[in-house]
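Beneath this line is the structure, given in structure tokens, with notes to follow.
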Amino acid sequence: MVSVFKVLKRKRNKTITLKQELWIAILTVIIIGFVSSLLISTSSAKEYFTTELRMKNVDNANSLALMLSQMNKDPVEIELLISATFDTGYYHRIELKDPQGDTIIKRIYRGELTLNAPRWFRHLYSLNVAPGIAQVSDGWQQFGTLYVESHSEYTQDALWQSAVNLFYSFLAVAVSACIAGAYFLSKILSPLSDVMKQAVALGEKRFIKSKVPRTYEFAKLVTSMNQLSSRFSRTVKEDRRRLEEMRFKSQHDDLTGLANREYFNATLDTFLQNSQSHGALFLFRVINLDALSDQVGRVEMVSFLRRFSESLVVFLESNEDSFRESQIARMSHVDFLVLFSDVSELKTLSDNVLNIHKQLVAEFAQVELGVSHSCSLIKADDTRGELLTRVDQLLKIAIAQPGCNACINDNVPVHQEHIDADQWRTTIETALKENQLEIALYPVSSFSGSLLQQQISLSLLLNGEKYRFGFYYQWAHRLHLLARLDWSLMKLMILEYGDSEDESILAIELSADTLRDDMAVASILTGLSAYPNLAKRLCFEVRAGFAVKEFSLFRSFCSQVHCIGAKVALKRVGAEFTKLTKIQELGLEMIKIDTVYCHNISFSEDNQTFLRGVCSLAHSLGIKVVAEGVKNPSDQAILHSLGFDGLVAIEESVG
């Protein structure tokens with residue numbers, strides 16, 4: 001008991017689980033019951049043995065006194081009878097006294113008894129048994145008084161054996177009670193782990209639901225938390241729906257559903273700033289569209305535009321292996337643009353879309369319709385105006401002839417270094433093999449100047465020069481080397497920050513190739529688990545497009561990351577934010593809004609309204625919102641007023 005109270009005293013100011021408290025209570029009750037039962041039973045046995053020994057003394061004294069009264073009072077015979085009785089029984093003393101109190105004969109045991117009971121037990125449970133007393137007569141006269149006293153040590157031995165038997169019996173009962181208590185305790189507390197997981201999830205801004213247990217108190221608690229999660233989920237769902245409607249209306253053409261001019265211009269500007277000439281631009285123009293409206297009717301004209309838009313979508317879906325990403329926009333009544341990133345086989349793409357449009361135009365033979373296009377590879381130093389002028393000049397050549405025609409410019413000079421895939425593969429693999437790597441930090445700061453996190457990327461040292469992530473990303477993605485680069489960055493980061501005591505957040509982006517590889521994710525998380533302080537500082541960033549396409553995989557990744565104490569953030573966030581179902585269950589730390597939405601935000605009221613809604617929804621979930629790639633001070637001021645928490649430092653492409 002003393003040890004139990006000492007444990008309780010030590011635990012007073014420390015965290016202790018409910019299960020531990022219940023076990024302490026159960027063990028305290030069992031120990032008290034065990035000790036008290038043993039003490040009470042032993043004390044009862046002592047009283048019983050004392051009574052029995054006293055009755056034995058009285059019976060033996062009366063029996064022996066009767067025999068002495070009936071025999072001749074010859075001293076020799078009396079001594080022989082008393083000695084014989086003493087030698088045949090377990091007696092400590094037999095004494096005969098005359099009426100005056102003088103001893104006639106006395107026999108007392110002066111040897112040592114062999115006993116099993118320990119000394120402390122005999123001292124604790126000493127037996128004070130009164131001797132048996134009987135009167136011996138000689139005819140009608142009193143001859144003397146007989147005293148008979150049995151050995152109490154034998155009774156103590158029997159009491160000790162009884163106590164030992166009781167101890168083992170009660171111990172077996174106590175162990176059985178512990179086993180039964182453990183079983184029932186596990187049953188009673190089995191819903192507690194789910195309740196704890198849900199409570200922790202709520203603290204991590206993940207509004208999940210749990211199964212309602214049968215225990216009344218747990219059921220009431222879980223029901224309340226589930227109602228909170230349900231109400232919050234409905235609110236988030238409604239906010240997402242409104243934001244998506246607002247975004248789509250502000251960024252898309254009402255007639256065709258394609259991106260409008262303003263949104264495409266922002267996308268093109270962002271692409272030209274961040275890409276390394278790994279793209280192409282197509283310009284389509286519908287010829288004699290107004291003639292179709294005049295001769296056939298506006299309904300047919302609208303139908304043709306929608307079918308034409310669908311033909312572009314079908315064309316992109318059927319040729320998706322020839323590029324990484326694409327963006328379609330309706331720029332004017334008759335002009336359409338398609339932007340490709342990481343494009344290959346430009347001539348093949350042009351021929352394929354030209355054949356599709358010839359088949360479409362053939363259905364309107366009564367009107368001299370035509371769909372011509374131009375296309376050009378993008379140069380590294382292109383501006384939006386230069387690129388649009390170039391494709392427009394090419395289109396003028398194409399439409400000089402009737403029908404459907406195309407004009408292509410695929411002879412744009414490229415970098416002299418690393419001009420093909422084999423050279424890029426060799427260069428990147430050499431950098432990985434020879435550890436020609438370096439960590440680059442890009443601070444994410446609040447508008448007050450405080451540091452929110454350090455964004456980490458991997459720089460390659462190529463031919464003595466340092467090249468940032470944006471320079472080699474397109475080729476690394478095309479050559480499927482991003483997973484190896486991610487793993488190299490993780491090892492370099494652990495080496496650099498594994499033993500650091502700094503508490504600033506470190507953000508690292510994981511590619512889709514890494515996230516799709518279960519072994520790669522397991523290796524990264526296992527490696528981090530050996531550095532718990534670093535894991536708490538780390539924030540894994542995932543592109544929003546991947547999170548939407550692979551939502552189940554992304555949600556599983558979030559759960560694994562939270563288990564080691566790390567955080568998750570989304571980057572390149574735009575339209576995908578409104579498409580993320582159950583975002584309230586992900587526990588995101590931060591979202592980084594794509595440059596497309598922040599570019600020239602001062603002049604776009606629609607984007608301002610959309611981003612204000614995104615900030616409001618994100619902040620209701622405890623998610624920070626920062627902007628990527630914003631240089632203009634006026635844009636930064638507008639973003640601050642919209643509710644943004646900070647900005648990401650601008651990344652330069654080369655060293």
Extension reserve of the Lys209-Ser450 stretch, reckoned as 0.36 nm per residue once the Cα distance is removed: 83.2 nm
Nothing charged except the Cβ atoms of Lys and Arg (+1) and of Asp and Glu (-1): what's the magnitude of the dipole of region 172-264 about its Cα centre? Round to the nearest 20 debye. 260
Under the Karplus curve 6.51 cos²θ - 1.76 cosθ + 1.60, θ = phi - 60°, whole-Hz ³J(HN,Hα) for region 512-527, x wherever Gly or Pro sits: 5, 4, 5, 5, 7, 9, 4, 5, 5, 4, 4, 5, 5, 5, 5, x
Hey, can you find the accessible area per residue of region 98-210 for me, probe 1.4 Å, expressed in square angstrom? 62
Determine, for region 34-134, the count of lysine pairs separated by eight or more sequence positions (or lying on different chains) whose alpha-carbon distance falls under 22 Å. 6
As I understand it, the dipole of region 280-411 uses +1 on the Cβ of Lys and Arg and -1 on the Cβ of Asp and Glu, about the Cα centre. Which of Asn352, Cys404, Val314 lies farthest toward its positive end? Cys404
How large, in percent, is the carbon and sulfur part of the accessible surface of the chain at a probe radius of 1.4 Å? 53
Between Glu238 and Ser556, what's the calculated FRET efficiency when r is the beta-carbon distance and R0 is 30 Å? Round to 0.05. 0.65
Applied in sequence order to region 349-362, the curve 6.51 cos²θ - 1.76 cosθ + 1.60 (Karplus, θ = phi - 60°) yields integer Hz couplings, x standing for Gly and Pro, of 4, 5, 5, 5, 6, 5, 5, 4, 6, 5, 5, 5, 5, 4
I want to check the label-to-label distance for Ile26 and Glu434. Put each point 7 Å from Cα in the C-beta direction and report it in nm to one decimal. 6.5
Suppose every K and R has +1 on its Cβ and every D and E has -1 on its Cβ; what is the size of the dipole of the chain about the Cα centre, in Debye to the nearest 20? 2020
Find, to one decimal place in angstroms, the Kirkwood hydrodynamic radius of region 522-655, where the mean of 1/r is taken over every pair of different Cα atoms and then inverted. 15.7
Where the eigenvalues come from the Cα gyration tensor of region 298-339, what are the semi-axes √(5λ) of the equivalent ellipsoid, largest first, in whole Å? 23, 12, 5
Just the Cα atoms of the chain, one point each, no solvent: what log10 I(q)/I(0) does Debye give at q = 0.08, 0.09, 0.11 Å⁻¹? -0.78, -0.91, -1.16
Collect residues whose amide H, placed 1.01 Å from N in the peptide plane, falls under 5 Å from the amide H of Ile505; neighbours closer than 5 in sequence don't count. Gln454
Farthest positive-ward along region 207-327 dipole, Cα basis, beta-carbon charges - from Thr267, Phe282, Ala219: Ala219
Cα convex hull of region 449-574, projected area averaged across orientations, nm²: 8.8
Multiply the residue gap between Ile133 and Gln273 by 0.36 nm, knock off their C-alpha separation, and tell me the result in nm, one decimal place. 38.4 nm
Can you check what the Kirkwood hydrodynamic radius comes to for region 349-402, Cα pairs only, in Å to one decimal? 12.7
Normalised by the empirical 2.2 N^0.38 Å for globular proteins, what value does the Cα Rg of region 21-124 take? 1.74
Report, by chain and number, residues whose modeled amide H sits under 5 Å from the one on Val371, excluding near sequence neighbours (fewer than 5 apart, same chain). Ile287, Cys404, Asn405
Would you please give the residues with an amide H less than 5 Å from that of Glu541, counting only those at least 5 places away or on a separate chain, with H modeled from the backbone geometry? Ile508, Glu509, Leu510, Ala569
Karplus couplings for region 532-544 from phi (6.51 cos²θ - 1.76 cosθ + 1.60, θ = phi - 60°), rounded to Hz, Gly and Pro as x? x, 5, 5, 4, 5, 8, 8, 10, 7, 10, 10, 5, 4
Suppose every Lys and Arg Cβ carries +1 and every Asp and Glu Cβ carries -1, with no other charges. What dipole size does region 264-331 come out with about its Cα centre, to the nearest 20 debye? 140
Per residue, the convex hull enclosing the alpha carbons of region 177-257 has a volume in Å³ of 111
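The values are calculated or read from the model by the stated rules, or taken from the named source; none is laboratory data. Keep in mind the model is a prediction, meaning the values are calculated, not measured. For neighbour counting, all protein chains shown are included, and Cβ atoms are generated from backbone atoms with ideal geometry for every residue, glycine included. Note: areas computed on protein heavy atoms with side chains; ligands, DNA, RNA excluded. Shrake-Rupley method; radii C 1.70, N 1.55, O 1.52, S 1.80 Å.
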